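Trainee: Could you have a look at this structure, given as structure tokens, before my questions?
Values quoted throughout were computed directly from the atomic coordinates according to the rules given, and no laboratory measurement underlies them. Quick caveat: nothing in here was measured; it's all calculated off a predicted structure. Here the Cβ positions follow ideal geometry from the backbone for every residue, glycine too, while neighbour counts run over all protein chains shown.
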Amino acid sequence: MAASKKILVLFGSPHGAGYTRQLLDSFLAPFLEQGWQVGTVDAYAAKIKPCTGCGACGKKEGCAFPDFDPIDRAIRESDFLVVASPVYNDSFPAPLKAILDRTQRYFEARFSLNRRPPIKKHRDAALLLTMGAEEEFPIEVTVHQLRRAFSVMNTALVGCAVWPGTNLGDGRRRESMEKASALALDILSKM
Ligand SMILES: Cc1cc2nc3c(=O)[nH]c(=O)nc-3n(C[C@H](O)[C@H](O)[C@H](O)COP(=O)(O)O)c2cc1C
């Protein structure tokens, strides 16, 4: 029983009850059963500014804009991170990509300010992806993007569950939900 453990979800879908939310619910169920607390950053609601590449984070730890600071705190406090998103043009929707780009503060903390590591506590992470088509490329792209950001966040991507083919409706629903739930159980069994 991990009563005080915290899971943080970076949620990239504009739909509160769409495919991504259903996949996420299936993944979260085993965590909730084991008493984990769930925190969610809804990327569309959060409206995080895109990174402007101003370079402030390379001179002083943090960011010129304060809107990411609550997410920074939530990441640092979390014991596990989930990125749950639909695929948009082979990548993440813009509001979630903005959040990803704002992790530049950790890259600069590591390489300009020599913080080793920029985030003290380690956590594992999982990617949950839904997509209209059935293609490998968006998985490669999003996994690559996350690994790049996570490399300076003391975070390791340990698994991915995909619900492909949503353009054709619910055909792949059951197996996708089962994959997400199995991934969560596997992750929990190793903690
Ligand atoms: C703007 C936009 C771009 C999309 N681009 C892709 C894409 O590149 N590849 C793909 O397979 N599906 C694409 N889709 C389909 C979504 O990924 C798919 O419908 C997803 O399951 C929606 O999840 P949701 O119900 O959580 O919104 C796109 C949808 C939108 C609205």
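Trainee: Does a label point 7 Å from the Cα of L185, set along Cα-to-beta-carbon, have any residues of segment 22-49 with amide nitrogen under 20 Å, and which are they?
Mentor: Taking a point 7 Å out along Cα→Cβ of L185, the residues of segment 22-49 whose backbone N falls under 20 Å are 22-36.
Trainee: Next question, about the same structure. Given the pairs K49/K121; K6/K121; K5/K190; K97/K190, which are separated by over 24 angstrom at their Cα positions?
Mentor: In this structure, K49/K121; K97/K190 lie more than 24 Å apart at Cα.
Trainee: Multiplying the sequence separation of C54 and A17 by 0.36 nm and subtracting their Cα-Cα distance, what value in nm do you get?
Mentor: 9.7 nm
Trainee: Using the Cα centre as the reference, give the magnitude of the dipole from point charges on the C-beta atoms of the chain (Lys, Arg: +1; Asp, Glu: -1; all else neutral), rounded to the nearest 20 debye.
Mentor: The dipole magnitude comes to about 880 debye.
Trainee: Can you work out the Karplus-derived ³J(HN,Hα) for every residue in segment 150-156? Use 6.51 cos²θ - 1.76 cosθ + 1.60 with θ = phi - 60°, whole Hz, and x for glycine or proline.
Mentor: For segment 150-156, the Karplus curve yields 5, 4, 10, 10, 6, 10, 10 Hz.
Trainee: Semi-axes of the equivalent ellipsoid of segment 100-162: what are they in whole Å, largest first, if each equals the square root of 5 times a C-alpha gyration tensor eigenvalue?
Mentor: They are 26, 12, 7 Å, listed largest first.
Trainee: Moving to a separate point now. If R₀ is 22 angstrom, what is the calculated FRET efficiency for the pair F137 and R174, using the beta carbon separation as r and rounding to 0.05?
Mentor: 0.35
Trainee: Follow-up. If you average the C-alpha positions of segment 159-191 and of segment 21-78 separately, how far apart do those two centres end up, in angstrom?
Mentor: Answer, in whole Å: 22.
Trainee: While we're looking at this one, here's another question. Any idea how far apart A45 and S112 come out in nm if each label point goes 7 Å out from Cα toward Cβ?
Mentor: Calculated label separation equals 3.2 nm.
Trainee: Right, next: Which whole-Hz ³J(HN,Hα) couplings does segment 48-64 yield from phi under the Karplus relation 6.51 cos²θ - 1.76 cosθ + 1.60, θ = phi - 60°, glycine and proline marked x?
Mentor: Each residue's phi maps through the Karplus curve to give 6, 4, x, 4, 9, x, 6, x, 4, 5, x, 9, 8, 4, x, 8, 5 Hz.
Trainee: List the aspartates and glutamates whose Cα sits under 13 Å from the Cα of K179, skipping any in the same chain fewer than 8 residues away.
Mentor: Result set, ordered by chain and number: D25.
Trainee: Moving on to the next point. Positive end of the dipole of the chain, charges at C-beta (+1 Lys, Arg; -1 Asp, Glu), about the Cα centre: which of M177, I139, A149 has its Cα farthest in that direction?
Mentor: So the residue furthest toward the plus end is A149.
Trainee: Regarding the chain, what are the three Cα extents along the principal axes, ordered largest first, in Å?
Mentor: Principal-axis extents of the chain (Cα, largest first): 51, 40, 26 Å.
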